[in-house]
Structures are given as structure tokens and as C-alpha cells.
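*Asks:* Submitted below is the structure of interest, expressed as C-alpha cells.
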There are 2 protein chains.
Amino acid sequence: MRFHGFFRSSSAYRCRIALGLKGLEPEFVPVNLRAKEHRSEAYLALNPQGLVPALETGEGVLFQSLAIIEWLEETHPEPPLLPGDALGRARVRGFAQIIACEVHPLQNLRVLNYLRASCGQDQEGCDLWCRHWIAEGLAACEAIAAAESHGGAFTFGARPGLADICLVPQMFSADRFGLDTGPYPRLRAIRDACEALPEFAAAHPARQSDAA
Amino acid sequence: MRFHGFFRSSSAYRCRIALGLKGLEPEFVPVNLRAKEHRSEAYLALNPQGLVPALETGEGVLFQSLAIIEWLEETHPEPPLLPGDALGRARVRGFAQIIACEVHPLQNLRVLNYLRASCGQDQEGCDLWCRHWIAEGLAACEAIAAAESHGGAFTFGARPGLADICLVPQMFSADRFGLDTGPYPRLRAIRDACEALPEFAAAHPARQSDAA
């Protein structure tokens, strides 16, 4: 397996955590988004969407972080990243998708570039934009996490899983954009519990070989 | 089952198609986004994220359209909306997530409201914004769909599934925001094949009881 990513991409960060929890160590191929390597002909031939991450498997190329993680779950079931029952899986996926489908898409590099170039926003305008959407999403996540912990250290109980895999990179972005995470004590506690695990620590952007 | 939605929401539209393909007819509860009913105390108690759709099942409330559709797939397996093999499922999910995680989040009502109120964008600025992101996403979808049809009328072959469920509402939004869909002939042909099916036709926004 070969994993194409960028150290600071939230969606690549998610996949690194999932790969680590599954005990997998694919070859890493850095794709420098700032140098626009994701728009190169070679990368577009691999992933027509021109975004990171992408995972080359023996059978074909996968893209989109949640699709990659579901594939990892199906092909490498241990340890499980989703609960064993359909309702539980739906609730974990719903939590993960609040981040992946509502928060993260609004704060990624191409969106901020467009806000600057075509909507007249300066750095402060972009930071306000990011903080607004992250705060809205984390408030929903905090309410859900407070109700779902089942006494465990992680979002949905005693084991880390898909929800935590999406939450930790999002909390990292919250810090990066200067959001006060004080209003989310449960999410902060989950983040701290996750970062104490070697698989989460090893996936941190600052520990990647392509970190600036 | 009770389904909470809004006629024009793309993610509610996706769920309506999936429910129809599965032969399910839950009670429909309209949530008027323009009247801010999704921010009411009663709705937030049901879905702390305060977005549509939400599905009340006998066991609990589900939110996020892709999580709802995966739950439908697991609890009502026939007809399948995903392929039988892990790689195939990952590729269909990846296609669906290009729309659900990259395109649609940028064009929904709350984002356009923020662009108007806080970024000084007028209607034309908002329409340009939407067309930009939809065009970028559909270009990737067209490249993938052209390679994946396997001779069938739908995105991934002879049967409609999760990819088509996400594509058709996105094509509806493309028209609504005035995007020329001429550059996406394969996607247009898939959309037409889908709309000829009664389950897709019945799910169209214009045919909902809460349509303005």
C-alpha cells in the first residue's frame, strides 16, 4: 500500500490515525499542496479529484478519507473502529460526518484561497470564517459527546474509533485558527485521551516527514 | 419511522431517494429552514446539530444523510445501494463523498447566508461561489463516472445506488445556481436515467408536500 498525503491535511491526518490503529504502515508519498503537487498530471491520473489523501491498494486507488477508513474497517476488522450494531454505527458515522461533511469542508486551503482571491477576505476575515464554522460544529459534537460517552474516555465509550479519528484533527484545526475550545470540555478531554495513545501521537502533523 | 426534512435540502433529497429505493415510506415531518424551524428548541432536542435531515427510528434518532443511508443499507439490505465487495464499496462511497464532503457543504443555505452577511457578497457573488465549487466537484465526478459505468446506465453500472443518490440532488442544485452542465455529458445521462425511475421522480423537491 502507498499513502499519498500532506502533513497538515485534516483528512490525511484522519487516515494516518486509522492506519495506525489498524497496525498498518503503508509507504508514504508526500503531496505538497502549497506547491500545487495535487494538481499535477501524475497525481490527477491517480486521483481525478486532485485532493489528498489517496490510498493505493493492490487492487485500485481509493480516495476520500471516510471511504478509505470504511475500507480499512472492512478489510482489516481488528481492532474495530465502529460499533457492532447498526444503530451504533449510524450514530458514530453521524458524529464523524458532522466534522467531515459540515465543518472541515469550509476550512480547507482551497476554500480559504477562494475567500481571499474572490471574496475580498483578508487573514482576519478567513480566521473569523473558520472559527465560526468550527465553533458551530464543535458545539453540536460537544452536546452529542456529553450524551454518548457511556462512561468511557473516548467519544463513544471505552475504545477509540471513527468519531475520535475525525475529532482529533478537527481540534487541531480549531487551535490553528485561534478558536477558544474552552466551551467544549468533553471534546478536550477526549482529545487528550486520544493523544496519549501512540497511534494518535504518531499521526500528528508535526511528526510527519513532510512537515514544514 | 418519522423523517424530518425540507423539500429543497440536498441531503434530505438524498434520503428520500434511498427510502424510496428501499420501499420505505416513513411519516414526513417538514422542517422549514427559511422559518428557522431547525433552530427551535424542539428540533434541537431531537437533533443537536440543528440541521435536516433526521430520521426517528424505533431505537433512536439518526442524522447526517450518509449515515442514515448506510443504516438503511444495513437494516434493509434489498435492493443493495452498495456493491458486494470492499473495493467497490470504497469507490462508490468515495464518489458520494466528493459530493457530500466537498461540494454540497459549500452551497447550503447557512453558508450562503454567512457569505451575504459577513463577507459582503451579493446574489451574484453567491451564485459565482456555488458555481465554482459545483463545477470543480462535477468535473471530478464526470472523470470517474466516465471510467466506472461498466456499460450500465448508472454511475457504477446497471443498478442505481449511493453514487446516483448523491449525484441527482447535486445536478438539481447545479441547475438551480445556473451552472452550465454541458461539460458533464455522462453525469447528465446518469441523471436522466435516474429521473426516469419512479423512486427518483417521487423524491424530487418540486413533488414534496412542503414545496413552496
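The values are calculated or read from the model by the stated rules, or taken from the named source; none is laboratory data. Note that the coordinates shown come from a computational prediction; the quantities given were computed from them, not determined experimentally. Cβ placement follows ideal geometry from the backbone for every residue including glycine, while neighbour counts extend to all protein chains displayed.
*Asks:* Quick test of your reading of the structure: residue A:87 fulfils all but one of (1) in a helix (DSSP H, G or I); (2) touching a residue at least 24 places away in the same chain (Cβ under 8 Å). Name the failing condition by number.
*Replies:* Residue A:87 satisfies every listed condition except (2).
*Asks:* If you take the residues in segment A:59-74 that are assigned to a strand (DSSP E or B) and under 13 Å from residue B:96 (Cα atoms), which one is farthest from the chain's Cα centre (by Cα)?
*Replies:* Taking segment A:59-74 first, the residues assigned to a strand (DSSP E or B) are A:61-63.
Then drop every residue that is not under 13 Å from residue B:96 (Cα atoms), which leaves A:62-63.
Values: A:62: 16, A:63: 13 Å.
Among residues in segment A:59-74 that are assigned to a strand (DSSP E or B) and under 13 Å from residue B:96 (Cα atoms), the one farthest from the chain's Cα centre (by Cα) is A:62.
*Asks:* Mind listing just one residue for me: the one in segment A:175-211 that is in contact with a Ser or Thr (Cβ under 9 Å, 6 or more places away or on another chain), within 28 Å of residue A:124 (Cα to Cα) and of a type in the set (A, V, I, L, M, F, W, C) and, of those, surrounded by the most Cβ atoms within 10 Å (Cβ to Cβ)?
*Replies:* Applying the filter and picking the extreme gives A:187.
*Asks:* Output the residues belonging to segment A:5-52 that are closer than 16 Å to residue B:101 by Cβ, assigned to a loop (DSSP other than H, G, I, E, B) and polar (S, T, N, Q).
*Replies:* Residues satisfying the conditions are A:9, A:47, A:49.
*Asks:* Restricting attention to segment B:79-129, which residues are closer than 25 Å to residue B:152 by Cβ, under 20 Å from the mean Cα position of the chain (by Cα) and among the acidic types (Asp, Glu)?
*Replies:* B:102
*Asks:* Let me ask something else about it. Would you confirm, using the coordinates I've provided, whether residue B:26 is touching a Leu at 6+ places or on another chain (Cβ under 8 Å), of a type outside the set (A, V, I, L, M, F, W, C), more than 14 Å from chain A (Cβ to nearest Cβ) and under 30 Å from residue A:47 (Cα atoms)?
*Replies:* Details: touching a Leu at 6+ places or on another chain (Cβ under 8 Å): yes; of a type outside the set (A, V, I, L, M, F, W, C): yes; more than 14 Å from chain A (Cβ to nearest Cβ): yes; under 30 Å from residue A:47 (Cα atoms): no.
Criteria not met by residue B:26.
*Asks:* Under the condition of being facing chain A (nearest Cβ under 8 Å) and under 19 Å from residue B:14 (Cβ atoms), which residue from segment B:75-89 is surrounded by the fewest Cβ atoms within 10 Å (Cβ to Cβ)? Don't jump to the end; show me each part of the working.
*Replies:* Narrowing segment B:75-89 to residues facing chain A (nearest Cβ under 8 Å): B:75, B:86-87, B:89.
Among the residues that remain, those that are also under 19 Å from residue B:14 (Cβ atoms) are: B:75, B:89.
Working: B:75: 14, B:89: 21.
In this case the residue turns out to be B:75.
For every residue, the table says whether it meets (1) modelled with pLDDT under 95; (2) of a type outside the set (Gly, Ala, Ser).
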site	(1), (2)
B:121	no, yes
B:147	yes, no
B:155	no, yes
B:163	no, no
B:180	no, yes
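*Asks:* Quick one: in segment A:97-127, of everything that is crowded, with 17+ Cβ neighbours inside 10 Å, more than 8 Å from chain B (Cβ to nearest Cβ) and touching a helix residue (DSSP H, G or I) at 6+ places or on another chain (Cβ under 7 Å), which residue is farthest from residue A:14 (Cα to Cα)?
*Replies:* For segment A:97-127, the residue satisfying everything is A:126.
*Asks:* Additional query: Failed condition for residue A:23, given (1) among the small types (Gly, Ala, Ser); (2) touching a His at 6+ places or on another chain (Cβ under 9 Å); (3) within 27 Å of residue B:139 (Cα to Cα); (4) modelled with pLDDT of 95 or more, with all others met?
*Replies:* (3) is the only condition that residue A:23 fails.
*Asks:* Please work out if residue B:27 is charged (D, E, K, R), surrounded by fewer than 20 Cβ atoms within 10 Å (Cβ to Cβ), more than 14 Å from the chain's Cα centre (by Cα) and under 30 Å from residue B:191 (Cα atoms).
*Replies:* On the way: charged (D, E, K, R): yes; surrounded by fewer than 20 Cβ atoms within 10 Å (Cβ to Cβ): yes; more than 14 Å from the chain's Cα centre (by Cα): yes; under 30 Å from residue B:191 (Cα atoms): yes.
Yes; evaluated as a whole, the condition is true for this residue.
*Asks:* Please list, ordered by first then second residue, the pairs with beta carbon atoms under 8 Å, 6 or more apart or interchain, first in segment B:188-207 and farther than 25 Å from residue B:28 by Cα and touching a residue at least 24 places away in the same chain (Cβ under 8 Å), second assigned to a helix (DSSP H, G or I) and acidic (Asp, Glu).
*Replies:* These pairs meet every condition: B:190/B:164.
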